[in-house]
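*Asks:* If you scroll down you'll find the structure; I have some questions about it.
The values are calculated or read from the model by the stated rules, or taken from the named source; none is laboratory data. Quick caveat, the model's predicted, so the values are computed rather than measured. Neighbour counts run over all protein chains shown; Cβ positions are idealised from the backbone, glycine included. Calculation scope for accessible area: heavy atoms of the full protein, side chains included, ligands and nucleic acids excluded. Shrake-Rupley method; radii C 1.70, N 1.55, O 1.52, S 1.80 Å.
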Amino acid sequence: MEGNTKNREVFVSPEEIKKQNDFSNRVKTMISSRFGINQPLAFVHTYGCQGNVSDGERIKGMLENLGYGFTDEIEKADLILYNTCAIREHAEDRIYGNVGAIKKLKRANPNLIIALCGCMMQQPRVVEKIRNSYPFVNLVFGTHVIHKLPELIYRVLRTGKRVFECPDSDGVIAEDIPVHRDTKIKGWLPIMYGCNNFCSYCIVPYVRGRERSRMPADIIAEAKELIALGCKDITLLGQNVNSYGKNLDCDINFSKLLRMINDLEGDFIIRFMTSHPKDCTKELLDTMAECDKVAKHLHLPFQSGNDRVLAEMNRRYNREQYLELARYARKVMPDLSMTSDVIVGFPGETYEEFRDTVTLIEEVKFTSLYTFIYSPRPGTKAAEMPDPISREEKGRWFKELTDAQEKIAGERTALMKGKTYRVLCEGYAKEGILNGRTEGNVMIEFPEVEGRDVLGEFCDVLVTDPLTWIVRGELK
Ligand code: SAH
Ligand code: SF4
Ligand code: F3S
């Protein structure tokens, strides 16, 4: 399908990508004269969401092109790179802790390059702190210049000076970046970047720029590449995949894209995240029901079950609209597994309002929930709101919610006993015990059977022993 974007300037030009390839070659030469026959090693660690993990795979792809190999042992690394997340305060604190701890490695190896990138580095207050308090960090770059990594490393090597490149931007789309994938069984496929929603608690729109969609042809090409690699589980990524295509001027939306990927040859399943309830349409739910390769699993974050809190969060749907979507989804897909994200203790939330969240999960019966205590993010609207409830009190509500969910999850997995599920075998839980996920995203463990090599393959597993969060079974 041909496609044009209404705002072509979001695409990084082929000339710029070529320029980066030239830098790549120059760095490669510099590195080989510095390291001789020994391959330099990079330790790369990504925090945060799958979108960030996908960026990490592109960062590793570029590093590989520069001549780096990879190590999980940080002491052996010649380059350490943390791809950071800013979603909650805890995520940021962990990074400061990690970076503080690598100072001693730099003392032992003055040639060590330390680099920080990702969402934290789009916040000027963080960049200032790194600049002033962590002088041993060599390179800091933001989310909008990832494709310039060869040039940035070149500047570090060439000048020996610290490099900071964190421009404020509405965001770009860079195609034709090499990708280093850690597993070939499951693949991350970004279909769009950024977010326009400005939920009042959330930092993402500030650090990731405006919503922009990749061209259908680029997505299909990457999907084909994944399938050819043997990938059996493709997850389409975006902060709000339901609004895919809105900045493109071709006849496309998320449902149409799903159908195009569903029509590709091969034995694989398609997942997607994240769906925003305000843009989740019945057309999309019908499409999910009709497409045989689309997993019957819907991650649809509701955040709160109370209408006043939802309005304060700027979510732009209410409880009843959410419940109506859930009911319709289960009507067209009776076996649908639903998961969600929830925030406990949003500023001003009362206990009674929090209870609406508990009754909502009891009504929908989610397979699992990602639950978070509200964390103020400087610069967001909610961070300015009065927040009188103590952390201890929020902790008690949090426990009440997770206890309720534990009961629901236990009841749901109990129903799986005696049934057989098609499972993609992903790896080993421990020696002799394989694991994988059902289409509904439930983790399942089962003993290996001699003579049957199912790793990376779909197989049928009979559930014998359902636990709360995972189930155990045996190969059929
Ligand atoms: N785009 C996705 C969410 C991405 S962030 C969506 O709209 O659903 C993942 C989750 O982190 C959010 O769903 C929310 O539950 C949580 N989250 C985001 N900001 C937060 C904050 N300031 N404090 C606590 N949790 C937060
Ligand atoms: Fe954050 Fe809301 Fe955008 Fe999700 S939709 S990334 S919660 S602003
Ligand atoms: Fe974190 Fe950035 Fe993702 S803030 S959740 S890594 S978009």
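*Asks:* Quick one: GLU474 ticks every box in (1) touching a residue at least 40 places away in the same chain (Cβ under 8 Å); (2) assigned to a strand (DSSP E or B); (3) open to solvent by 70 Å² or more (accessible area, probe 1.4 Å) except a single one, so which number is it?
*Replies:* For GLU474, the failing item is (1).
*Asks:* Further, regarding this structure: Taking only pairs six or more apart or across chains, which ones have beta-carbon atoms under 7 Å, a first residue in segment 78-99 that is farther than 21 Å from ILE59 by Cα, and a second residue that is open to solvent by 10 Å² or more (accessible area, probe 1.4 Å) and part of a loop (DSSP other than H, G, I, E, B)?
*Replies:* Once the first residue is farther than 21 Å from ILE59 by Cα and sits in segment 78-99, its partners that are open to solvent by 10 Å² or more (accessible area, probe 1.4 Å) and part of a loop (DSSP other than H, G, I, E, B) give ARG88/SER375; GLU89/SER375; HIS90/SER375.
*Asks:* Another one. Please state which of the following conditions PRO124 fails to meet, knowing it meets all the rest: (1) within 16 Å of ligand 3 (Cβ to nearest atom); (2) surrounded by 18 or more Cβ atoms within 10 Å (Cβ to Cβ).
*Replies:* (2)
*Asks:* Test of understanding: among PHE372, PHE346, which residue is open to solvent by less than 10 Å² (accessible area, probe 1.4 Å) and within 16 Å of ligand 2 (Cβ to nearest atom)?
*Replies:* On the way: PHE372 fails: open to solvent by less than 10 Å² (accessible area, probe 1.4 Å).
One residue alone meets the criteria, PHE346.
*Asks:* Moving to a separate point now. So, LYS331, is that one in the same structural domain as SER200 (by TED's automatic domain parsing), within 24 Å of the chain's Cα centre (by Cα), open to solvent by 10 Å² or more (accessible area, probe 1.4 Å) and away from ligand 1 (no atom under 16 Å from the Cβ) or not?
*Replies:* Values: in the same structural domain as SER200 (by TED's automatic domain parsing): yes; within 24 Å of the chain's Cα centre (by Cα): no; open to solvent by 10 Å² or more (accessible area, probe 1.4 Å): yes; away from ligand 1 (no atom under 16 Å from the Cβ): yes.
Answer is no for this residue.
Residues are listed down the side, and each one gets a yes or a no for (1) in the same structural domain as GLU92 (by TED's automatic domain parsing); (2) in a loop (DSSP other than H, G, I, E, B); (3) more than 14 Å from ligand 1 (Cβ to nearest atom):
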site: GLU175; (1), (2), (3): no, yes, yes
site: ASN197; (1), (2), (3): no, yes, no
site: PRO205; (1), (2), (3): no, no, no
site: ALA221; (1), (2), (3): no, no, yes
site: ALA228; (1), (2), (3): no, no, yes
site: CYS231; (1), (2), (3): no, yes, yes
site: CYS250; (1), (2), (3): no, yes, yes
site: ARG259; (1), (2), (3): no, no, yes
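*Asks:* Would you point out the residue of segment 380-439, among those that are over 30 Å from CYS459 (Cβ atoms) and in a loop (DSSP other than H, G, I, E, B), that is least open to solvent (accessible area, probe 1.4 Å)?
*Replies:* Our first condition is that a residue be over 30 Å from CYS459 (Cβ atoms); within segment 380-439, this holds for 380-404, 407.
Applying the additional criterion that residues be in a loop (DSSP other than H, G, I, E, B) yields 380-381, 385-390.
On the way: THR380: 3, LYS381: 143, MET385: 38, PRO386: 106, ASP387: 63, PRO388: 109, ILE389: 53, SER390: 50 Å².
Among them, the one singled out is THR380.
*Asks:* Go through the residues of segment 302-313 one by one and say whether even a single one is touching a residue at least 60 places away in the same chain (Cβ under 8 Å), farther than 29 Å from ILE227 by Cβ and more than 23 Å from the chain's Cα centre (by Cα).
*Replies:* Taking every residue of segment 302-313 in turn, at least one turns out to be touching a residue at least 60 places away in the same chain (Cβ under 8 Å), farther than 29 Å from ILE227 by Cβ and more than 23 Å from the chain's Cα centre (by Cα).
*Asks:* Just to be sure before I move on: is ASP286 part of a loop (DSSP other than H, G, I, E, B) and more than 16 Å from ligand 2 (Cβ to nearest atom) in the structure I sent? First the steps, then the outcome.
*Replies:* Values: part of a loop (DSSP other than H, G, I, E, B): no; more than 16 Å from ligand 2 (Cβ to nearest atom): yes.
In short, no.
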